[in-house]
Structure formats: C-alpha cells, structure tokens
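**Student:** Just dropping this structure here.
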C-alpha cells in the first residue's frame with residue numbers, strides 16, 4: 001500500500017457524526033470522482049470510480065443512509081499492474097436523484113452543478129469534511145521519504161480553483177495547476193500538508209510525516225557536521241604542510257630561535273596534531289593562540305625569503 005492509499009484508508013475508517021458533515025463528505029467524494037451518464041430512455045446515472053475499497057464502502061453507506069439506491073462493481077485496470085478499482089453506481093430513481101441534488105452534485109434542472117452549494121460548505125467543519133471527501137476520491141500524497149507533495153485532482157480548472165478557495169478559507173494555501181486533461185490543487189510545503197492532514201482527520205499520517213521531517217533534518221544536520229569536520233581536517237592538513245615546508249625552507253627547526261624552535265619541532269614531530277594538541281604537548285605549556293602565532297611567524301619568514 002502506498003502512502004497516499006494509507007492516508008485515504010485512514011480517512012475512510014469512520015464517518016463524521018453530524019448529518020451536515022456527512023452530506024459534505026458525500027458531496028466531496030461524488031463531485032471529485034462522480035461522472036454523469038444519460039441513457040437512451042432519458043435515465044440519469046451517476047457513477048463514481050474509486051481506487052480504494054474502503055472509500056467505496058463508505059460512499060455506499062452514505063448513499064444508502066440518505067435513501068439512495070446504489071450498487072458497487074469491481075474491475076481491474078488495463079495498466080499499472082492491473083490494480084483493482086471500484087465503481088459505485090447511483091440509481092436513476094427519483095429518491096436517488098433527490099439525494100444527488102441535495103449533495104450539490106446535480107442542479108435543480110438535474111444538470112451537473114458547476115459549484116458545490118454554499119449551504120453544503122457553510123460551516124468550517126463541513127468545508128474540511130468536503131475537502132476530506134475530495135482527497136478520499138482523487139487525492140494523492142507522496143511517500144514521506146520522497147519529499148512532501150499533496151494534490152487533489154479534478155476534471156476541470158473550475159473545480160481545482162473551488163477546492164483551493166475552500167482550503168484557503170480554512171487557512172491552507174493550495175496552488176492550482178491546469179494540465180492537459182486534468183487540473184490539480186496542490187501543496188508542497190511540509191507544514192501546510194501536515195496541518196491539512198490533521199484538519200482532514202488523518203492524524204496518524206500526519207505523525208508519520210512529522211517523523212519523516214525530523215529524521216530528514218537529523219540526517220541533514222549530521223551531513224552538515226560531517227562536511228564541516230571534513231573541511232576542517234582538509235584545512236588543517238594544508239596548514240600543517242605549509243608550516244613544515246616553511247620550517248624546511250628556513251633550514252630546519254635547529255636554525256630558529258628558541259621560542260620558535262620548540263613549536264617547529266612539535267609541528268615536525270606531530271604533523272597531524274591540531275593547534276590545541278600542540279599547545280598541550282609544549283613544555284612549559286603554551287596557549288593555542290601562542291602556538292598559532294609562532295607558526296604564523298615561521299611561515300611569514302619563509303615567505304619573506306622567497
């Protein structure tokens with residue numbers, strides 16, 4: 001199961017308790033994945049094509065408790081490993097059409113409604129539940145290890161903008177992208193995605209994203225420290241080589257004055273030692289700054305000879 005499928009399954013685990021939120025959830029699923037068909041005898045059918053069995057079962061429960069008739073069918077895709085998909089087909093009877101009109105899928109003339117009615121998403125809880133239904137029907141979310149990317153796919157730019165507007169009302173900025181046959185409303189910021197998952201009821205998935213973000217930051221910090229340590233070691237090695245070459249150019253440590261001679265002998269004897277370690281090895285003990293200053297003077301003298 002992909003991470004996006006796991007998120008949809010978590011959202012489909014339970015139905016919202018309030019009737020108005022159940023209506024918003026029904027509207028979100030049907031408007032995101034529903035298609036209207038007109039048959040020869042003038043009958044209207046709405047079918048909803050879904051990738052999740054859990055979402056299909058929840059949709060059937062919502063429809064039947066509302067009084068609509070429906071059936072569920074299963075088929076396999078011709079591509080992508082022939083994965084199973086689920087079709088929920090809503091009956092053409094008057095009560096079913098009334099349910100679809102009440103959910104804002106059909107207008108009063110039984111034509112597809114361009115926008116979800118405001119009465120369905122007037123409350124904040126209903127807007128969030130509507131977005132939850134849209135994600136359950138057509139949403140996707142990348143694996144936490146692959147970088148954050150959440151999207152809601154729609155069949156028209158107007159639907160994508162509508163989802164972005166509803167999300168913006170709840171404080172979740174989504175960007176709209178219009179492609180060839182589809183339009184999407186998406187988010188790439190990790191904090192936006194995590195907050196949105198919490199608002200849509202996917203608390204377990206949000207925790208997984210949070211854990212992945214912490215692990216990614218820990219790895220990045222470890223890499224930065226490792227790179228910094230490696231850089232320091234390279235600079236230290238180059239400085240030691242330069243100091244030993246300067247000592248040789250001046251005729252060796254024996255050719256230097258007493259103060260410089262001791263530091264020069266330590267550097268030649270311990271070419272990989274840090275300045276702090278050279279200071280600890282000196283007798284009497286010197287400070288790191290003193291060791292650094294004397295080695296700098298040795299290099300400057302060698303440079304002046306050139």
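FYI, it's all coordinate maths here, none of it is from the lab. This one's a predicted model, so the numbers in the text were calculated from it and none came from an experiment. With ideal geometry, Cβ positions are generated from the backbone for all residues, glycine too; neighbour counts draw on all protein chains shown.
**Student:** For the stretch 232-305, what does the relative contact order come out to in percent, with C-alpha contacts under 8 Å and a separation of six or more?
**Tutor:** Taking the mean separation of contacting Cα pairs over the length of the stretch 232-305, I get 36 percent.
**Student:** With 10 angstrom as the radius, rank 254, 242 by how many other C-beta atoms surround their C-beta, starting from the fewest.
**Tutor:** By the 10 Å Cβ count, ascending: 254, 242.
**Student:** Which angle between 0 and 90 degrees, to the nearest 10, do you get for helix 190-199 versus the longest principal axis of the chain when only C-alpha atoms count?
**Tutor:** 40
**Student:** Separate question: Sort 238, 128 by Cβ crowding within 10 Å, fewest neighbours at the top.
**Tutor:** 238, 128
**Student:** May I pose another question? Considering the Cα trace of the stretch 176-306, what is its radius of gyration and what is Dmax, both in angstroms?
**Tutor:** Cα-based Rg and Dmax for the stretch 176-306 come out at 27.9, 83 Å.
**Student:** Right, here's the next one. Grab the beta carbon distance between residue 244 and residue 221, set R0 = 45 Å, and tell me the FRET efficiency rounded to 0.05.
**Tutor:** 0.85
**Student:** Exposure proxy check: 136, 11 ranked by fewest other beta carbons within 10 Å?
**Tutor:** With the sparsest Cβ surroundings first, the list reads 11, 136.
**Student:** Can you give me the relative contact order of the chain as a percent, contacts being Cα pairs under 8 Å and 6 or more apart?
**Tutor:** Taking the mean separation of contacting Cα pairs over the length of the chain, I get 14 percent.
**Student:** Starting from the exponent 0.38 and prefactor 2.2 Å, build the expected Rg for the stretch 232-305 from its residue count and divide its actual Cα Rg by it.
**Tutor:** 0.98
**Student:** Could you bin all the Cα-Cα distances of the chain into 20 Å bins starting at 0 and give me the percent of pairs in each, rounded to whole numbers?
**Tutor:** That works out to 27, 32, 12, 18, 10, 1, in percent per bin.
**Student:** Which residue, 260, 25, 36, has the most motion in a Gaussian network model of the chain that connects Cα atoms within less than 10 Å?
**Tutor:** Evaluated over the chain, the most mobile residue of the options is 260.
**Student:** Using the eigenvalues of the Cα gyration tensor, what equivalent ellipsoid semi-axes result for the stretch 159-205 when each is taken as the square root of five times the eigenvalue, whole Å, largest first?
**Tutor:** Whole-Å semi-axes of the equivalent ellipsoid: 20, 11, 9.
**Student:** Can you tell me the orientation of helix 124-138 relative to the chain, as the angle in degrees between its alpha-carbon axis and the longest Cα principal axis, to the nearest 10?
**Tutor:** 90
**Student:** Still on this structure, please answer the following. Residues of the stretch 277-306 with backbone nitrogen within less than 20 Å of a virtual label 7 Å along the Cα-to-Cβ line of residue 258, please, listed as ranges.
**Tutor:** Answer for the stretch 277-306: 279, 281-287, 290-295, 297-298.
**Student:** Sticking with this one: Mean-square fluctuation check for the chain, GNM, Cα pairs under 10 Å: which of 265, 151, 162 is largest?
**Tutor:** Ranking 265, 151, 162 by mean-square fluctuation puts 265 first.
**Student:** Right, another one. When the chain is treated as a GNM, springs tying every alpha-carbon pair under 10 Å, which of 288, 115, 31 comes out with the largest mean-square fluctuation?
**Tutor:** 288
**Student:** Output the 0 to 90 degree angle, nearest 10, between the alpha-carbon long axis of helix 258-269 and the longest principal axis computed from the alpha carbons of the chain.
**Tutor:** Taking the Cα atoms of the chain, the angle to 258-269 is about 50 degrees.
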